[in-house]
1. If you take the beta carbon distance between Ala110 and Glu306 as r and set R0 to 35 Å, what does 1/(1 + (r/R0)^6) give as a FRET efficiency, to the nearest 0.05?
2. If you line up the long axis of helix 393-414 against the longest principal axis of the chain, both from Cα atoms, how many degrees apart are they, to the nearest 10?
3. On average, how much accessible surface per residue is there in the chain, in Å², for a 1.4 Å probe, leaving out ligands, DNA and RNA?
4. When the accessible area of the stretch 114-211 is split by element with a 1.4 Å probe, what percent falls to carbon and sulfur?
5. Would you calculate, for the chain, the mean residue ellipticity at 222 nm contributed by helices, counting each DSSP H stretch of 4 or more residues as -39,500 (n - 2.57) and dividing by all residues, to the nearest 500?
6. So, in Å, what gap is there between the alpha-carbon centers of the stretch 177-238 and the stretch 77-123?
7. Using only the alpha-carbon atoms of the stretch 45-133 as identical scatterers, what base-10 log of I(q)/I(0) does the Debye formula give at q = 0.11 Å⁻¹?
8. Under 21 Å Cα to Cα from Lys199, which lysines show up? Leave out anything in the same chain fewer than 8 places away.
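The values are calculated or read from the model by the stated rules, or taken from the named source; none is laboratory data. None of these values were measured; they are calculated from a predicted model. Cβ placement follows ideal geometry from the backbone for every residue including glycine, while neighbour counts extend to all protein chains displayed. Each accessible area value is taken on the protein alone, full model and side chains, heavy atoms only, with ligands, DNA and RNA left out. Shrake-Rupley method; radii C 1.70, N 1.55, O 1.52, S 1.80 Å.
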Amino acid sequence: MTDAPATDAPATAGASKESLTVRDNRTGVEYDLKITDNTIRAADLGQIKLGDQPGLATYDPGFVNTASCRSSVTYIDGDKGILEYRGYPIEQLAENSSFLEVAYLLIHGALPTKAEYDAWEHEITYHTFVHENVKSFMEGFRYDAHPMGMLMASVGALSTFYPDARNITDPDNRHIQMVRMIAKMPTLGAWSFRHAQGKPFIYPDNDLSYTANFLSMLFKMSEKKYGADERLVKALDTLFILHADHEQNASTNAVRSVGSTQVDPYSAVAAGVGALYGPLHGGANEAVLRMLRRIGSKQNIPAFIEGVKNGNEKLMGFGHRVYKNYDPRAKIIKKSAEDVFAVTGTNPLLEIALELEKIALEDEYFVKRRLYPNVDFYSGLIYEAFQFPPEMFTVLFAIGRTPGWLAQWLELVQDKDQKIARPKQIYTGERGLDFVPSSERWA
Ligand code: CMC
């Protein structure tokens, strides 16, 4: 803290270059705040005080300009449309890697050797089964329960099957819980689907790859072995890769926030599933499909766009908090859509989606606000080609995002800088009212 100079001359002469000098015009006092990694510590603002009032704080609903952690998991440059996991560009991972390898990369921080990969794949494969009681309680959901609600509840319930998971300081214990969660998510997701369809639950098939086994648990009927088309397996595996992490998005923030209480990872991930369920986040792909169905045909698009511009509704699958140029995942998904449609036949809604995109990319409203298709714009069309009902779309997103949530959770629990997440508020309510008992108020 430095006293305010008598003149208007800048008071930064003695300040370090890596600092921010702020002047509190209420008091005339200047403060030097250290800049590290292009940020100032919000807690440093606390020294800026007026009389006996609490120190200065920042007001940032939605965390639009607040870093909550240091992370080495995922890098995004929203202006350039860059997404990297542990330094590897998403385009290269989507083209050349597998979802399980990407999961390993996210959690361990480096690509596996052959021996490491084999051990990882084996571990995941042999943890895909769930306790039989999980099956019983999943059967207890209403016939029309939303699969995301079922997934959220059943992931949270795993904490009761693995009570040792609360021992989050033991690295071996953390490892086995992460393996279990990545392994069991497809089982829980597939069973949510089967329940809604009134079909028997299918047990995992350990001869199949991670993604082929998921398709088997979803679609197998009376055949001895379910053999999904390899092109579809590859496309779904790629979609899982594209969804695997996205730095501090709403659901990851929920996982970190709940995880900061040092609760077990199943409870923290259940919070992430809940956050992902919302239509502004992972629920957007479901909303896109419903929107396309509602538009119904190309000639209804202009009226729909007018409605969006008048603020009546949103063009779902467009816009992103971080990407202001293009979402690199949307580009890869568009290509995957072509691969899938080559097997399944084209989705008739694709025509409407393409036309909508064309118009929106030229329209001043969207151009000015830098609104582009995001990952959810085309993913729903692909999922529908797989014959998933829209309620299942976000479940697929959740399965893909699980390694990312876990990598971020692992980073959190090992980060000495982290504390229990507890934001401040600006209180706007009444103060010091005298309570009048109901016998007097209602008399
Ligand atoms: N359709 C129409 N207008 C939009 C849209 C949209 N999809 N998105 C943003 N806007 C407008 C918004 O009304 C605002 O206009 P104005 O400045 O006139 O008030 C302006 O663009 C800035 O929007 P914002 O709401 O301040 O932006 P945000 O960063 O807070 O929200 C978002 C980002 C993704 C929540 C938002 O773009 C949105 O609601 N999109 C539709 C839902 C969607 O597709 N979500 C999936 C996101 S990607 C995957 C994921 O995260 O799960």
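1. On the way: r = 51 Å, r/R0 = 1.45.
Here the calculated transfer efficiency is 0.10.
2. 50
3. On the way: 22630 Å² over 443 residues.
Roughly 51 Å² per residue, with all protein chains present.
4. On the way: 2410 of 4410 Å².
Solvent-exposed carbon and sulfur of the stretch 114-211 make up 55 percent of the total.
5. Working: 18 runs with 220 residues, N = 443.
It comes out at -15500 deg cm²/dmol, rounded to the nearest 500.
6. 22
7. Results for the stretch 45-133 at q = 0.11 Å⁻¹ read -0.57.
8. Within the straight-line cut-off, Lys199 pairs with Lys135, Lys184, Lys220, Lys224, Lys225.
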